[in-house]
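In what follows, a structure is listed as structure tokens, so that the remarks can point back to it.
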Amino acid sequence: MDDRDYVLGTQDEEIERLGLQHRVWRDRMLGAWARAGLAPGMTVLDIGAGPGFAAVDLAEAVGPQGRVLALERSRRFLDSLEARAARLGLGNVEARECDVSDGPFGESVADAAWCRWVLSFVADPAATVRNLAAALKPGGVAIFHEYADYGAWRTMPPDPDVERFRTLVMQSWRDEGGEPDIALQLPSMLAAAGLETVEARPLIDIVRPGDFAWRWPAAFMAVNARRLRDLGYATADEAERFATALDRAGDGAMMITPLVAELIVRKPAGR
Ligand SMILES: C[S@@+](CC[C@H](N)C(=O)[O-])C[C@H]1O[C@@H](n2cnc3c(N)ncnc32)[C@H](O)[C@@H]1O
């Protein structure tokens, strides 16, 4: 896969940004895994694993008797995952290069699946959910963190650079065949794939400039301002303003984060 094939890119600064994003979201992720019943010995799929920050946590959660299969389209991201797993001495992670919306990636092979911020980018999210459902064993569980309302991301008061940046980001994802608010389609895709929803909750915050979570959108703007310029969506001047917009926010400023839907679903036993 070429770097230009994926709208957010696979360059080193994007890997670093995904690491920061993972640290901001890690506690919520671990909470969802615990509620879903992830346990040692399980075989777990990481759908669209990226450079594998969550895959490494999954490997620790399932332990040496368990197994993580990280499915990802970018060889560059998988190289990063393999290097990190080797550094940590994790022998239970397999990195597999594949397009998750193409053919099936297994029949009743996994106890669980984790899918975060992937369905917005795949060519065929319904096929991806079908493939995931087929790969789960009966009684298997899947956990999704996907955007339900990307437009919820706003500063208080609204900052014209943030508003414009967010609009261009959503446009660039849609131009590549993706859909930012893909979680809105998820319930019908899950039902069509025979998966039953166990739990659903909204994940959204209001953060301030000193909060660790403020750095999540700030890093996204810094890295993706250049990306939008390189892809022809933003001028050099705009990109420069976008990159530092959140660093310029005044002390009293606040920010509403994009709305993520957390869904925990199960494949009925006996299917
Ligand atoms: C925003 S990143 C999220 C990565 C990871 N899930 C995480 O939470 O950090 C989206 C990932 O989906 C991958 N991806 C997009 N389309 C894909 C496809 N059709 N098949 C496999 N991976 C895909 C991208 O390469 C990228 O690694």
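Looking at residue 144, is it touching a Cys at 6+ places or on another chain (Cβ under 6 Å) and either in a strand (DSSP E or B) or within 15 Å of the ligand (Cβ to nearest atom) (or both)?
Working: touching a Cys at 6+ places or on another chain (Cβ under 6 Å): yes; either in a strand (DSSP E or B) or within 15 Å of the ligand (Cβ to nearest atom) (or both): yes.
Yes, satisfied.
Considering region 97-124, and only residues there that are polar (S, T, N, Q) and farther than 10 Å from residue 137 by Cα, the residue that is farthest from the ligand (Cβ to nearest atom) turns out to be 120. Of all residues in region 50-83, those being away from the ligand (no atom under 12 Å from the Cβ) and out of contact with any strand residue (DSSP E or B) (no Cβ under 9 Å at 6 or more places or on another chain) number 5.
With respect to the conditions (1) over 22 Å from residue 135 (Cα atoms); (2) touching a Ser or Thr at 6+ places or on another chain (Cβ under 6 Å), residue 74 lacks only one, and its number is (1). In this entry, residue 162 is excluded by the filter for residues that are more than 16 Å from the ligand (Cβ to nearest atom), touching a Gly at 6+ places or on another chain (Cβ under 8 Å) and hydrophobic (A, V, I, L, M, F, W, C). All conditions in (1) crowded, with 18+ Cβ neighbours inside 10 Å; (2) modelled with pLDDT of 95 or more; (3) under 22 Å from residue 264 (Cβ atoms); (4) not basic (Lys, Arg) hold for residue 30, with the sole exception of (1). Among the numbered conditions (1) within 30 Å of residue 231 (Cα to Cα); (2) at pLDDT 95 or above, tell me where residue 143 comes up short. Only one criterion is unmet by residue 143, namely (1). Among residues of region 117-129 that are closer than 18 Å to residue 263 by Cβ, those with a beta-carbon under 9 Å from a residue that is polar (S, T, N, Q) and surrounded by fewer than 18 Cβ atoms within 10 Å (Cβ to Cβ) at least six positions away or on a different chain give the pairs 119/185; 125/185; 126/185; 126/188.
The values are calculated or read from the model by the stated rules, or taken from the named source; none is laboratory data. On a predicted model such as this, the values are computed, not experimentally measured, just so you know. Counting neighbours? That spans all protein chains shown, and the Cβs are built from the backbone with ideal geometry, glycine included.
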